[in-house]
Amino acid sequence: MNDKQNEETAYTRDRGRGILTPTDRKYLLGEKKYSHPESARNRRAKIRQRIRNSIFDFVFLRYLETRDCDQIVNTAGSEINSGLSAAHLFLYDVLVRSKDDQMNIDMNLEAYIEQAVQAVDQQRGYRTEVSLEIEREELEKPAEVFQRAKKEGIRALTGPELSLLWNSDEVDAAEFASFLNHLFPNEEEIKPNDILKERKGLQRYIEELDRRR
């Protein structure tokens, strides 16, 4: 692996084309602007088409040779974990949005996970039993969650609650960034604009899904 690949992370905008091109990544982060609405619509359409085709392509990836899978992991190193985490989040979101019968989402999820785990473990020489249990409860309002975090500390929050604070416009980005920077003074400083960019990208994603319904 060359030095350039060593320096790349999941968040490197200009790395080689995957599902997204470097321009796609910058557009989704709000770093690429178009003066004409038609150009932006074309960009979104191309992104949607590549994502759809990429999901379909997983049918063929089962035929990828083991040595190729090993090289993917070896060249990506520990950075692959951030991509895998984001992939699970995105695919679960797609699963939820694809089902009219919301009551059976967990059945579908368990079936997919069970099939994947058992198939891979069988190749590794294991027989595996899979059990999935999910409990849901409605989140508090973002402002209430933030007040609790300031009073009780960040450890009082669940993962979904922390994501809610990051993504909700009801929580002031500057105040939340200051809160996080105070908690983690030795980490790279989080800027309010970092939070605003991700919120804007998420909002565009939701609006696009609503237009397609």
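The values are calculated or read from the model by the stated rules, or taken from the named source; none is laboratory data. The structure displayed is predicted, hence computed values, not measured ones. Neighbour counts run over all protein chains shown; Cβ positions are idealised from the backbone, glycine included.
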Total residues in segment 19-44, condition more than 24 Å from Asn193 (Cα to Cα), assigned to a loop (DSSP other than H, G, I, E, B) and either modelled with pLDDT under 90 or among the polar types (S, T, N, Q) (or both):
0
From Ser82, Ser98, residue being under 30 Å from Gly30 (Cβ atoms) and within 16 Å of the chain's Cα centre (by Cα)
Ser82
Output the number of residues of segment 101-150 satisfying the condition of being closer than 30 Å to Ser178 by Cα and surrounded by 11 or more Cβ atoms within 10 Å (Cβ to Cβ).
12
Could you grab the pairs with beta carbons closer than 6 Å, sequence gap of 6+ or different chains, first residue in segment 177-193 and within 15 Å of Arg155 (Cα to Cα), second one in a helix (DSSP H, G or I)?
Leu183/Ile154
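Specify which of the listed residues (Leu20, Leu61) is outside the structural domain of Glu198 (by TED's automatic domain parsing), free of Cβ contacts under 8 Å to residues at least 12 places away in the same chain and either of a type in the set (A, V, I, L, M, F, W, C) or on the phi > 0 side of the Ramachandran plot (or both). Give the steps one after another, and end with the answer.
Numbers: Leu20 fails: free of Cβ contacts under 8 Å to residues at least 12 places away in the same chain.
From the options Leu20, Leu61, the qualifying one is Leu61.
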Within segment 23-54, count every residue that is over 16 Å from the mean Cα position of the chain (by Cα), touching a residue at least 24 places away in the same chain (Cβ under 8 Å) and closer than 19 Å to Leu91 by Cβ.
1
